[in-house]
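Structure, as structure tokens:
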Amino acid sequence: MSLNWTSGYVADLTYSHGYYHELAPSFLRFALLFNGMAHGAGDPVSGNYTYCELGYGQGVCANLHAAANPRGQFWGTDFNPDHALFARGLAQQAGIDAHWLAHGFEQLLDQDLPEFDFITLHGVWSWIDASARHALVEFMRRRLKIGGVVYLSYNIMPGWSAEKPLRDLMRLHTELAGAPGDATSSRIRGAIAFADRLRRGGAAFFEQDTRAGAMLDDMRRDDIHVVAHEYFNRSWHLTYFADVARSLEAAGLSFACSVHKSDLAGLVAQRRRSCRIDDLELNPALRETTHDFILNRRFRRDVFVRGADRLTPGEREARLKDVAFVLLRPAASVHTTVSTPYGAVKLDATITAKLLEALGPCHEPVALGVLMAQAGLSEGSTEPVFQTVATLVANNTLAPVFADDLRRTGTARARSHDLNRVIARRSQDTDTLRYLASPVTGMALEVAVPDRLCLLAWEQGARTPDELAAALHTRGLPDPEAHASRFLQEVAPTWHTLGLLAQEPA
């Protein structure tokens with residue numbers, strides 16, 4: 001199923017083209033600040049910072065962040081040459097000056113690289129072998145600055161306890177039951193069919209744990225590339241939070257906070273109170289592992305730091321009020337119930353309505369302190385307001401904007417527009433790249449094909465509904481008039497605020 005150089009990692013099926021906002025520098029800075037810690041994010045003189053993404057996949061996040069964050073100097077590596085070729089090609093087409101390497105983690109230790117303010121890994125830790133994980137920790141030990149931040153996402157126990165035996169059986173089937181020379185995709189489909197025959201035949205394993213059957217159904221529906229990288233690498237490292245934290249201690253790292261949606265939205269805190277657990281009596285390893293049991297969590301998104309710059313409550317409040325925010329969608333489309341993988345969270349309807357009413361007419365980021373004053377939320381406790389804002393950020397409704405980034409949006413606009421133009425042009429032939437870079441937020445947002453094609457037409461001077469509809473009709477899009485009207489009325493105003501449009505909307 002694999003060649004020796006892959007160490008059991010699926011390499012003949014490339015990774016998906018997803019985007020994960022948790023890797024964005026501004027998101028990480030906000031999450032730390034919300035949890036009472038500061039991160040300077042840059043040299044005090046130049047204001048620049050260094051960033052490295054380990055295992056960047058197709059380089060989608062890497063290039064979007066490099067385009068939208070001109071203060072950052074971006075590096076990254078992925079051992080798959082197909083991934084590196086795609087990432088470099090996208091960067092070259094968009095004129096992005098970044099360093100996308102094609103080394104394994106062991107090789108990376110010998111490279112001449114700077115020290116980094118940010119090191120991020122998404123979808124890596126659980127799917128590589130022990131020697132590669134050791135190399136990652138050693139790289140962090142050598143290359144993370146004092147005060148630096150590591151973002152790490154990984155599979156976690158106990159949430160996978162029902163599904164792991166099925167995954168192991170199916171992985172064994174791909175190794176032992178396929179015909180010599182069968183492609184990985186064929187072997188995986190064969191393993192899925194094999195497991196499905198067991199289920200339909202009444203195997204007790206499926207009858208006694210329905211979650212395994214649900215996983216099998218998900219695998220049958222999902223894209224084969226996603227299934228391959230999620231379940232069929234030789235290494236499928238499942239452990240507990242306490243073990244991961246202990247591993248990272250060798251790099252001088254300590255746990256800072258979880259940036260999982262369920263944590264930022266306050267769901268974990270609610271469930272913990274229901275269980276009558278006083279987390280002040282628990283150390284971080286025990287507390288976070290207990291949280292995983294409370295949710296039966298299967299995936300974590302964590303931030304670790306090399307030295308925590310902890311703020312007093314007063315400092316935290318003042319700094320949070322200095323952070324500006326911008327709406328990522330029309331205020332009318334925002335709901336007061338936020339879904340997470342582990343349950344729903346109800347926003348404070350009054351606070352949410354007042355914040356959205358104050359922010360809705362704004363065409364630029366507004367500092368939270370100013371926003372609270374405009375919304376009549378300056379009196380009383382600030383914590384409910386902060387929690388509401390954090391939930392809206394976690395739900396991709398609001399985006400934080402820091403003052404040092406806002407001063408560089410001119411450069412960011414040019415770089416982001418170049419990349420977005422490349423992505424929009426590719427939309428004429430394929431729907432692979434679905435995200436556009438915002439030079440205001442330093443993050444990206446998912447955009448449907450019609451809106452990407454409207455961006456192309458806008459870049460070519462189309463401003464009226466008829467002009468946009470004519471451009472969409474030329475590209476064979478159905479119902480072009482409706483798409484054009486919606487773009488001008490709903491999308492363009494928001495995109496102008498986010499810096500996605502080169503000129504003001506008509």
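A few points about this structure:
- Verdict on Leu144 being in the same structural domain as Phe304 (by TED's automatic domain parsing) and in contact (Cβ under 8 Å) with a residue 12 or more places away in the chain: yes
- Of all residues in the stretch 173-206 being closer than 23 Å to Asp223 by Cβ, in a helix (DSSP H, G or I) and of a type in the set (A, V, I, L, M, F, W, C), the one that is farthest from the chain's Cα centre (by Cα): Phe194
- Being among the β-branched types (Val, Ile, Thr), crowded, with 20+ Cβ neighbours inside 10 Å and assigned by TED's automatic domain parsing to the domain that holds Leu328 is a condition met by at least one residue of the stretch 400-407.
- Scanning the stretch 40-61 for residues that are under 19 Å from Thr441 (Cα atoms) and more than 19 Å from the chain's Cα centre (by Cα) returns Gly40, Gly42, Gly47, Asn48, Tyr49.
- Residue match in the stretch 111-128 (condition: among the β-branched types (Val, Ile, Thr) and surrounded by fewer than 18 Cβ atoms within 10 Å (Cβ to Cβ)): no
- If you go through the stretch 236-268 and keep only what is of a type in the set (Gly, Ala, Ser) and under 27 Å from Glu163 (Cβ atoms), you end up with Ala242, Ala245, Ser247, Ser258, Ser262, Ala265.
- Any pair with Cβ under 6 angstrom, 6 or more apart, that starts in the stretch 220-243 at a residue that is closer than 27 Å to His134 by Cβ and ends at one that is assigned to a helix (DSSP H, G or I) and of a type in the set (Gly, Ala, Ser): His237/Ser126; Ala242/Ala285
- Evaluated against (1) farther than 22 Å from Phe241 by Cα; (2) outside any strand (DSSP E or B), Ile146 falls short on exactly one condition, (2).
- Here Phe299 meets each of (1) surrounded by 17 or more Cβ atoms within 10 Å (Cβ to Cβ); (2) under 26 Å from His122 (Cα atoms) with one exception, condition (1).
- Scanning the stretch 370-407 for residues that are more than 28 Å from Leu501 (Cα to Cα), assigned to a helix (DSSP H, G or I) and touching a residue at least 24 places away in the same chain (Cβ under 8 Å) returns Met372, Pro384, Val385, Phe386, Gln387, Thr388.
- Members of the stretch 128-147 that are in contact with a strand residue (DSSP E or B) (Cβ under 8 Å, 6 or more places away or on another chain) and either of a type outside the set (A, V, I, L, M) or under 21 Å from Asp309 (Cβ atoms) (or both): Phe139, Met140, Arg143, Leu144, Lys145, Gly147
The values are calculated or read from the model by the stated rules, or taken from the named source; none is laboratory data. Predicted model only: the values in this text are computed from it and were never measured. Every residue, glycine as well, gets a Cβ built from its backbone with ideal geometry; the counts of neighbours run over all protein chains shown.
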